[in-house]
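The structure appears right after this line, and notes come after that.
The values are calculated or read from the model by the stated rules, or taken from the named source; none is laboratory data. Since this is a predicted model, take the numbers as computed values, not measurements. Here the Cβ positions follow ideal geometry from the backbone for every residue, glycine too, while neighbour counts run over all protein chains shown. Just so you know, the surface numbers come from the protein's heavy atoms only, side chains and all, with ligands and any DNA or RNA stripped out. Shrake-Rupley method; radii C 1.70, N 1.55, O 1.52, S 1.80 Å.
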Amino acid sequence: MNVTVVGTGYVGLVSGACLADMGNHVYCLDVDAAKVKALNAGQLPIYEPGLEPIVKRNCAAGRLRFSTDIAAGVAHGTLQLIAVGTPPGEDGSADLQHVLDAAGAIGRHMDEYRVVVNKSTVPVGTADKVREEIQKELEKRGKQIPFSVVSNPEFLKEGAAVEDFMRPERVIIGSDDARATALLRELYAPFQRNHERVMLMGVRSAELTKYAANAMLATRISFMNELANLAEALGADIEEVRRGIGSDPRIGYQFLYPGAGFGGSCFPKDVKALQRTADEAGRPLRVLAAVEQVNEAQKHVLGNKIRERLGSLSGKTLALWGLAFKANTDDMREAPSRTLIGDLLAAGATVRAYDPAARAEARKIFENRKGVEIVDSAMAALEGADALAIVTEWQEFRSPDFAGIKARLKTPAIFDGRNLYDPAVLRGLGLEYYPIGRKV
Ligand SMILES: NC(=O)c1ccc[n+]([C@@H]2O[C@H](COP(=O)([O-])OP(=O)(O)OC[C@H]3O[C@@H](n4cnc5c(N)ncnc54)[C@H](O)[C@@H]3O)[C@@H](O)[C@H]2O)c1
């Protein structure tokens, strides 16, 4: 099929590449000319495991193209997948400007039937706004061209995005339009040869499902974070509690890990946006207000533990392992590492930070911040440092050279925002260990 993807970020690039890999001809549009130029030169703008070879082989085969030419993009695909960003506006609601810009461009350029597919995470009712925007542009041109608008929220996870797109747990299609539904079923057929994964539902239900999923996951994390802080106060060990409750199939083990707070481009903004939607509907979601509050506080827990142990941080240096908001990505949007670094700098410390994938991103973010140095290895971060803080659960941090860590730190203390180690083992090695909610 001929497919156009509008917006070539994490979702657009992965979707476009994977759809091309199934034999579709995919035209990826973006307004960011530098990004398009880099992609056409074979450089990926993001780190995502397994993505590069798929992009390269499909470009070489002529099935995947990148461009800023909107008219050509709209002419290419019967299916127009919108995958642009929906950042939070000032009041926390999703800013639909990019989505409506994309819709307007489709309306300005389409000359035959088009299915406009919302993959961006958008509030309930957005499909209606997209339809109005396209209709408005068609009316300006005096044209009557049929089109459909459907919702197809994306559930891929950064760090496992290719795997998630290729083997989705579910493909949600919100549509009340038989012609569009048939085309989307055809598009997704190759991704579900094993069993049917398409769930067809109303457009509004599909839009709400995406927010409900992220809000539920964020709720589990904040619940565990709050419980971890309580466990610490009570002399219990949250790791034992986690195993104890996770064994109940009604609860399950996933997303029960306490830590330094959730970040990333999705959970924080989606929790906010869903609250705004609920407020506007006169049905405030009180649980989510607490989820957000707990998360904001949790991002400061590591910094507080460091100040409690080291006293004044003025003139001290902290080594920091992990900058990305989670492992296997270079995405630092809303990452807890940023809050921790802010806390440490405000307290007068300097930071030597390392991340396996997010160093380039971090150098851009902290370019003008005095007191932050991004280094190229985990051990280099420890040189001259008073203590070590860990914020991301990268595999290479899981079994480090503890003797080497101890030898380099002025105070042999590890502040672990991901609970990576066994407290007894670290005690045996003569290292002080400060995890989240654990008995040490
Ligand atoms: N990142 C994720 O893990 C993830 C997962 C599921 C859903 N989502 C949702 O998908 C959407 C996209 O997220 P992302 O992380 O890929 O965003 P992103 O910021 O990485 O990419 C968005 C891209 O859209 C481009 N763009 C903006 N306006 C445009 C326009 N009018 N025409 C063409 N291109 C335009 C930007 O230049 C950018 O390259 C968001 O709504 C997000 O909530 C993201």
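Before moving on, here are some points about what is shown:
- Debye log10 I(q)/I(0) at q = 0.24, 0.25 Å⁻¹ for the stretch 95-164, Cα point scatterers: -1.01, -1.07
- Comparing 67, 312, 93 in a Gaussian network model of the chain (Cα springs below 10 Å), the most mobile by mean-square fluctuation is 312.
- Of the residues 253, 211, ranked by 1.4 Å probe accessible area with the largest first, the sequence reads 253, 211.
- Averaging the sequence gap over all C-alpha pairs within less than 8 Å and six or more residues apart, then dividing by the number of residues, gives the stretch 228-278 a relative contact order of 20 percent.
- The alpha carbon convex hull volume per residue for the chain rounds to 156 Å³.
- Cα gyration tensor, the stretch 206-255 - rounded (a/c under 1.5), prolate or oblate: oblate
- Spread of Cα-to-Cα distances over 5 Å intervals beginning at zero, given as percent, for the stretch 152-200: 5, 22, 31, 24, 13, 5, 1
- For the stretch 289-363 and the stretch 1-60, distance of Cα centres in Å: 32 Å
- Working value for the stretch 253-308: equivalent-ellipsoid semi-axes of 26, 13, 10 Å, each the square root of 5 times a Cα gyration tensor eigenvalue, largest first.
- Sites residue 422 and residue 216 - FRET efficiency at Förster radius 45 Å, r taken between beta-carbons, to 0.05: 0.90
- The amide H of residue 198, built 1.01 Å from its N in the peptide plane, has 171 as neighbours under 5 Å, considering only residues 5 or more places off or on other chains.
- In this structure the amide hydrogen of residue 149, modeled in the peptide plane, comes within under 5 Å of the amide hydrogens of 116, none closer than 5 places in sequence on its chain.
- Rounded to whole Hz, the Karplus (6.51, -1.76, 1.60) HN-Hα couplings of the stretch 404-409, x for glycine and proline: x, 5, 4, 5, 8, 7
- Given R0 = 25 Å, the distance between the Cβ atoms of residue 401 and residue 373 translates into a calculated FRET efficiency of 0.75.
- Quotient of the Cα radius of gyration of the stretch 35-130 and 2.2 N^0.38 Å, N being its number of residues: 1.23.
- Square roots of five times the Cα gyration tensor eigenvalues for the stretch 186-294, Å: 30, 21, 11
- The Cα-based radius of gyration and maximum Cα-Cα distance (Dmax) for the stretch 281-359 are 15.3, 51 Å.
- Hull shadow area, averaged, the stretch 88-227 [alpha-carbon convex hull, nm²]: 10.5 nm²
- Couplings 3J(HN,Hα) for the stretch 312-324, derived from phi with the Karplus relation 6.51 cos²θ - 1.76 cosθ + 1.60 (θ = phi - 60°), are 4, 9, 4, x, 8, 10, 10, 7, 10, 9, x, 10, 5 Hz, where x marks Gly and Pro.
- Modelled FRET efficiency - R0 45 Å, residue 248 with residue 281, Cβ distances, 0.05 increments: 0.85
- Inter-part distance where the stretch 83-108 and the stretch 423-440 are each reduced to a Cα centre, Å: 47 Å
- Relative contact order (%) - criterion: Cα under 8 Å, at least six apart; region: the chain: 12 percent
- When 276, 197 are compared by accessible area at a 1.4 angstrom probe, the order from most to least is 276, 197.
- Share of pairwise Cα separations in the stretch 157-244, more than 18 Å, in percent: 62 percent
- By the compact-protein rule of thumb, 2.2 N^0.38 Å, the alpha-carbon radius of gyration of the stretch 177-222 corresponds to a ratio of 1.48.
- Residues listed by number, the stretch 157-181, amide nitrogen under 17 Å from residue 135 label point at 7 Å toward C-beta: 176-177
- Amide H partners (placed H, <5 Å) of residue 389, local residues excluded: 319, 320, 321, 415
- Taken along the Cα-to-beta-carbon direction at a fixed 7 Å, the label points for residue 177 and residue 192 span 2.0 nm.
- Look at the alpha carbon pairs under 8 Å that are at least 6 residues apart: their mean separation over the length of the stretch 195-275 gives a relative contact order of 38 percent.
- Cα convex hull volume per residue for the stretch 1-85 (Å³): 77 Å³
- Under 10 Å, Cβ to Cβ, from residue 8 - net charge with Lys/Arg +1 and Asp/Glu -1: -1
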